[in-house]
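What follows is a set of notes on a single structure, which appears directly below.
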Amino acid sequence: MTDAARWKATVYVGGLASLVTTGNLHDAFIPFGEISDITLPKNDAPNATDPHRGFAYVEYEDAEDAKEAIDNMDQSELFGRVLKVSAAKPPKSADEGLGSKTAVWEQENWLAENAVSEEDRAAAADGAAGNIDDRPEDPMQGLEGLDVAGPKPE
């Protein structure tokens, strides 16, 4: 299964109580389809007392099963806590975006989205040089009579 297909078949489960285990999640989510993996991220803080971070990822064999789980389990209750179940978002690459070690303008994605074409540069240069003839002399021209409020008399 490709990475894109895997993320379509993965659901995010948030709002978990600290008592929840992977076995509890498996039992709660198995009615919607075959589960291939459950990830319950551990708390990395040195003084953390909770066994996990309060969320999990449940990966199904089929993307339709994931949609079924989202429809049925979102806003449901598990161990006295209301669950937030939604489609999982793929993690951002460490080499792209604002959290990366390289400048944004040196990244290919940024350049592709924000590159200015030669036509746009020429139009901007014409505008800066004052070559645009369709601009009125007075910006208030044509606004006479707008100082009266209400419907127009007939």
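The values are calculated or read from the model by the stated rules, or taken from the named source; none is laboratory data. Just so you know, these numbers come straight off a predicted model, no measurement behind them. We place every Cβ from the backbone using ideal geometry, glycine too, and count neighbours over all the protein chains shown. Please note that ligands, DNA and RNA were not included when accessible areas were found on the heavy atoms of the full protein model with its side chains. Shrake-Rupley method; radii C 1.70, N 1.55, O 1.52, S 1.80 Å.
Residues in segment 46-91 that are of a type in the set (Asp, Glu) and either out of contact with any Phe, Trp or Tyr (no Cβ under 7 Å at 6 or more places or on another chain) or in a strand (DSSP E or B) (or both): Asp50, Glu59, Glu61, Asp62, Glu64, Asp71, Asp74, Glu77.
Can you tell me which residue in segment 18-45 is most open to solvent (accessible area, probe 1.4 Å), limited to those that are touching a residue at least 24 places away in the same chain (Cβ under 8 Å) and in a strand (DSSP E or B)? Within segment 18-45, the match that is most open to solvent (accessible area, probe 1.4 Å) is Ser36. Give the residue that is modelled with the lowest pLDDT, with candidates limited to residues of segment 86-120 that are open to solvent by less than 90 Å² (accessible area, probe 1.4 Å) and under 15 Å from the mean Cα position of the chain (by Cα). The extreme case among them is Gly97. Just one of (1) surrounded by 10 or more Cβ atoms within 10 Å (Cβ to Cβ); (2) at pLDDT below 70; (3) over 30 Å from Thr10 (Cβ atoms); (4) not aromatic (Phe, Trp, Tyr) fails for Ala123. It is (2).
Applying the set (1) hydroxyl-bearing (Ser, Thr, Tyr); (2) over 30 Å from Glu113 (Cβ atoms); (3) open to solvent by 40 Å² or more (accessible area, probe 1.4 Å) to Tyr60 leaves exactly one unmet item: (3). For beta carbons closer than 9 Å, sequence separation of 6+ or different chains, a first residue in segment 46-61 that is closer than 13 Å to Tyr12 by Cα and a second that is open to solvent by 70 Å² or more (accessible area, probe 1.4 Å) and part of a loop (DSSP other than H, G, I, E, B), the qualifying pairs are Arg53/Lys42; Arg53/Asp44; Tyr60/Glu34.
Close contacts from segment 65-90, counting a first residue that is closer than 17 Å to Ser36 by Cα and a second that is open to solvent by 60 Å² or more (accessible area, probe 1.4 Å) and part of a loop (DSSP other than H, G, I, E, B), with Cβ to Cβ under 8 Å and a gap of 6+ residues or different chains, come to Asp65/Glu34. Residues in segment 2-17 that are part of a loop (DSSP other than H, G, I, E, B) and either in contact (Cβ under 8 Å) with a residue 12 or more places away in the chain or of a type in the set (Gly, Ala, Ser) (or both): Ala9, Gly15, Leu16, Ala17. For the residues Asp147, Asp138, Asp134, the requirement of being modelled with pLDDT under 70, open to solvent by 60 Å² or more (accessible area, probe 1.4 Å) and in a loop (DSSP other than H, G, I, E, B) singles out Asp134.
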